[in-house]
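Everything on this sheet refers to the single structure shown next.
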Amino acid sequence: MATHNALEIAAPPSAVWSVLIRATEWPQFYDNCANVKVVGGDELSAGCTFTWRTFGMPMRTLITEFEPERVLTWRGDTIFGRGGHTWELQPTQTGTRLVTEEVQRGFIPTMVGWWMTPQLLKWHQRWLEGIASEV
């Protein structure tokens with residue numbers, strides 16, 4: 001199962017990146033997450049882990065790619081499945097095109113993909129819009 005969302009934001013990549021890596025603040029503008037705790041601080045960084053709740057499920061994720069103002073990728077594994085989430089920041093003439101993609105594999109994603117895919121698309125769009133409201 002895979003999803004893709006994008007939004008043009010009228011702000012430079014540095015401003016968008018700053019909001020994106022302050023994970024402990026996501027619940028202020030993204031209602032589908034809670035209890036975000038970054039191991040060792042408040043901001044995401046290369047190789048760090050963070051725990052949180054999303055879609056009502058506890059998650060432990062690891063940052064696997066961290067290229068400031070360009071790419072942020074994490075991976076999460078549970079007994080129910082595994083997933084990866086990538087954010088890509090593309091500079092434009094008017095700001096930043098922020099793209100988010102998620103891939104999930106495993107038993108649960110396979111069984112509920114018919115329901116989960118539209119939910120991911122809806123909530124990821126709201127996440128993009130939340131980030132845009134914070135820059």
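Numbers for the structure displayed
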item	result
Near pairs, Cβ below 7 angstrom, 6+ apart or cross-chain, from region 8-37 (under 13 Å from His124 (Cα atoms)) to any residue that is modelled with pLDDT of 95 or more and among the acidic types (Asp, Glu)	Phe29/Glu134
Test set (1) out of contact with any Cys (no Cβ under 8 Å at 6 or more places or on another chain); (2) without any contact (Cβ under 8 Å) to a residue 12 or more places away in the chain - Gly41 fails condition number	(1)
Flag for Val16 being surrounded by 18 or more Cβ atoms within 10 Å (Cβ to Cβ) and not basic (Lys, Arg)	yes
Matching residues, region 66-106, being within 14 Å of the chain's Cα centre (by Cα) and within 18 Å of Gly130 (Cβ to Cβ)	Leu72, Trp74, His85, Thr86, Trp87, Glu88, Leu89, Leu98, Val99, Thr100, Glu101, Glu102
Residue pairs meeting the criteria (Cβ under 6 Å; at least 6 apart or on separate chains; first under 23 Å from Cys48 (Cβ atoms) and without any contact (Cβ under 8 Å) to a residue 24 or more places away in the chain, in region 73-98; second basic (Lys, Arg) and part of a strand (DSSP E or B))	Gly84/Arg75
Hits in region 27-48 (condition: out of contact with any helix residue (DSSP H, G or I) (no Cβ under 6 Å at 6 or more places or on another chain) and of a type outside the set (Ser, Thr, Tyr))	Pro27, Gln28, Asp31, Asn35, Lys37, Val39, Gly40, Gly41, Ala46, Gly47, Cys48
Residue list for region 1-39, restricted to those being assigned to a loop (DSSP other than H, G, I, E, B) and out of contact with any Gly (no Cβ under 8 Å at 6 or more places or on another chain)	Arg22, Asp31, Asn32, Val39
Test result for Thr64, outside any helix (DSSP H, G or I) and surrounded by fewer than 18 Cβ atoms within 10 Å (Cβ to Cβ)	yes
Scope region 87-110; condition surrounded by fewer than 18 Cβ atoms within 10 Å (Cβ to Cβ), among the hydrophobic types (A, V, I, L, M, F, W, C) and either at pLDDT 90 or above or over 17 Å from Asp77 (Cβ atoms) (or both); matching residues	Val99
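The values are calculated or read from the model by the stated rules, or taken from the named source; none is laboratory data. Just so it is clear, the structure is predicted and the values come from calculations on it, not from any experiment. Cβ coordinates were reconstructed from backbone atoms using ideal geometry, including for glycine residues, and neighbour counts include every protein chain displayed.
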